[in-house]
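Any read-out appearing in this document is the output of simple, stated calculations on the displayed coordinates, not a laboratory observation. Only a predicted model underlies this, so the values are computations on that prediction, with no experimental measurement involved. Cβ: placed from backbone, ideal geometry, glycine included. Neighbour counts: every protein chain shown.
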Amino acid sequence: MLGLVAGRAAVLDFIRDGHTSQTGRVRHRLGNVVVTTTDAATAEVRAYLLQTRNTGESIQMISTGVYTFSLLRSDGRWRIAELTLTLDNALVLQWRFSICPAQGSLLECNGLMCRQGGGGS
């Protein structure tokens, strides 16, 4: 478990710290993107991930997996409600976001969970 990352500031700090610690040029390439609408206000997006690092001397594959985004529509705009990254090495990262329906803006990320899973598909 990575533990809970709660609140907008904590989520942004978590992301910034991750970017700061990276060496080389890291790229997240998404492919085979499939969007499925459930109804007028919800949708799911699935995409394959290929993450690479260019050190200047070599290009390394860092990880592969599947992103799943749960989307909510509010005031004519789509927002990410939940994001799950299932890496092929069986690591699962999951973020759940709280959206203010009236403002359509991020209130908080109420959790970052890391657990061992069953691998990507």
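Annotations
- Proximity of backbone amide H atoms, modeled 1.01 Å from N, is registered between Ile62 and Gln51, Thr52, Arg53 at under 5 Å, excluding neighbours fewer than 5 places apart on the same chain.
- Net charge of neighbours whose Cβ lies under 11 Å from the Cβ of Leu71, counting Lys and Arg as +1 and Asp and Glu as -1: +1
- Taking the alpha carbon gyration tensor of the range 25-84, multiplying each eigenvalue by 5 and rooting it gives semi-axes of 31, 11, 8 Å, largest first.
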